[in-house]
Each structure stands twice: as structure tokens, then as C-alpha cells.
1. Just the residues that are at pLDDT 95 or above, farther than 23 Å from LEU152 by Cα and of a type in the set (Ser, Thr, Tyr), please, taken from segment 200-221.
2. Hey, can you tell me all the residues within segment 4-31 that are under 30 Å from LEU122 (Cβ atoms), surrounded by 11 or more Cβ atoms within 10 Å (Cβ to Cβ) and hydrophobic (A, V, I, L, M, F, W, C)?
3. If you check every pair at least six apart or on different chains, which have Cβ atoms under 7 Å apart with a residue in segment 183-196 that is within 13 Å of GLN153 (Cα to Cα) first and a residue that is open to solvent by 10 Å² or more (accessible area, probe 1.4 Å) and β-branched (Val, Ile, Thr) second?
4. Looking only at residues that are among the β-branched types (Val, Ile, Thr) and over 17 Å from THR120 (Cβ atoms) in segment 145-184, which one is farthest from the chain's Cα centre (by Cα)?
5. Which members of segment 106-132 meet the condition of being farther than 28 Å from ILE178 by Cβ and either assigned to a loop (DSSP other than H, G, I, E, B) or open to solvent by less than 80 Å² (accessible area, probe 1.4 Å) (or both)?
6. If you scan segment 192-221, which residues turn out to be open to solvent by 50 Å² or more (accessible area, probe 1.4 Å) and among the small types (Gly, Ala, Ser)?
7. Which fully enclosed helices (runs of 4 or more DSSP H) of segment 1-105 have 1 or more residues being on the phi < 0 side of the Ramachandran plot and more than 21 Å from the chain's Cα centre (by Cα)?
Amino acid sequence: MSAPQGKELERLRAEAQDEVREVRARLPDLDKAAIDVILSGARSHYAWQDRPVSDDLLHRLYEITGSGPTSMNSCPARFIFVTSAAGKARLAKSLKAKNIDKMMAAPVTAIIAHDLEFWTALPFLFPHEDRRPHFEGKPEHCEITAFRNGTLQGAYFMIAARALGLDVGAMSGFSNEIVDQEFFSGSNLRSNFLCNLGYADETALFQKLPRLPFDTACSYA
């Protein structure tokens, strides 16, 4: 894929600017109800209804997630949707005992992973100039960049899922090494965290825990 030049570039830039202005004019900000759905009123869930998540919905979820910004549009995250009994059994090997039932009950468990060779797709994702020399032969830089931006995409994934009416429950109580052996052996993918996905059984919830106040968590410089 080649980058647009000249008048074609000017046209595309003008269209992009108009599109952003139109979106902002149509909806300057989200109301409280919408913010409650995606963050303020949302909860992490541990129990699930026996209700499937369709392939179409997972496709929509990825399309929205993929729209989120990453460094140089690098898009290093990879999402493995574990839905089969065989896949769940393999994933269970990596989990701490208290997390196995949560994962097994969820209709979908997503492995949020990142591709250490994400940079090889930059000619397509970032056609303006060849940025591959920034990463080629620099494994530590590749790993840091992939992990950071893949984590961002994992957060977009959770917010997008809630926006589509799904519930989520992220999990870190597992062995990344075992997940990588089971699912990514011989590949350039590495696991980051797991996220159960589906329609929650709210009866398992307890009271919402406190958050740090602004003056504790924030400062000015």
C-alpha cells in the first residue's frame, strides 16, 4: 500500500477533518447514562448467564476496538476468543484455582496478546514512511512497544464490549508462560491478560470498592 500524495492527500485530509468535526457536532460528549454503561457504573463480573455471544458481535467488537489509537497505528494486539470446551481445558491449565470456574462459566474468554513482530505490518498500517528500521533488530524496543500498545488496545476492548451491551471480567491470576506454551508456541505472540466476556449474572456482585480521590492520584506540573 502506498501513501497518497499531492491533491489526493489534501482531499483525504480535508475529509478526515470534516468527519471529526461532524462527529463532534453530532455528539459533543456522552451523557451520564452512557458514561455509566462504559465506566462509572460498570462492574467487573465473575459469574455468567448461560447465554452465547454471537460471532457477529465479536466482529463488531473487534472493529470498534481496532479504531482506538496506537503508536504509529501499530495495532500490536491480537485477540484469541476461547469458546470451545477443548480451548477452555487448555486455558484452565494456566489459571489459579479460584479463577477456573469463572473462566469455564463465561461464554467467551479472550486472551489479550501482542505480536512482537507487529512492525512488519507497518508498510500497510503506516504507509506515510517506512518505520520498520525503528524496530528491526531491536527486540527489547519491540517488546516494550508491543506490550504498551497492546495493553491500550485491551482497555479499548473492554470499553467497547460494554458499549455493545456485553459484560467483562478481566483476569490476571494465571501463568503467562503456560498460556504462551499452550497457544503461541513457535509464534511471535505473547499473552498479556485474560478477559471473560458475556452477559453477567449480577447476583455474584458485592459492593463497589472505593477509588482514590483526585488529590491523591493526580497532580499538576
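The values are calculated or read from the model by the stated rules, or taken from the named source; none is laboratory data. All values derive from a computational prediction rather than experimental measurement. Note that each Cβ is placed from the backbone with ideal geometry, even for glycine, and that neighbours are counted across all protein chains shown. Surface areas here come from the heavy atoms of the whole protein model, side chains and all, with no ligands, DNA or RNA. Shrake-Rupley method; radii C 1.70, N 1.55, O 1.52, S 1.80 Å.
1. Result: THR216, TYR220.
2. At the first step, the residues of segment 4-31 found to be under 30 Å from LEU122 (Cβ atoms) are 4-24.
Narrowing further to those that are surrounded by 11 or more Cβ atoms within 10 Å (Cβ to Cβ): 4, 9-13.
The answer is LEU9, LEU12.
3. Note: pairs meeting the criteria are ASN192/THR151.
4. From segment 145-184, those among the β-branched types (Val, Ile, Thr) are 145, 151, 159, 168, 178-179; that's our starting set.
Narrowing the set further to residues that are over 17 Å from THR120 (Cβ atoms) leaves 151, 159, 168, 178-179.
Details: THR151: 7, ILE159: 8, VAL168: 11, ILE178: 21, VAL179: 17 Å.
Here the residue is ILE178.
5. Step one: of segment 106-132, the residues farther than 28 Å from ILE178 by Cβ are 122-132.
Passing the criteria: LEU122, PRO123, LEU125, PHE126, PRO127, HIS128, GLU129, ASP130, ARG131.
6. Taking segment 192-221 as the starting set, the residues that turn out to be open to solvent by 50 Å² or more (accessible area, probe 1.4 Å) are 201-203, 205-221.
Scanning segment 192-221 gives ALA217, SER219, ALA221.
7. Working: elements: 6-26, 32-35, 55-66, 85-92, 97-105.
Here the list reads 6-26, 32-35, 85-92, 97-105.
Yes/no matrix, rows are residues, columns are (1) at pLDDT below 95; (2) open to solvent by 90 Å² or more (accessible area, probe 1.4 Å):
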residue	(1), (2)
SER2	yes, yes
ALA33	no, no
ARG51	no, yes
SER54	no, no
CYS75	no, no
VAL82	no, no
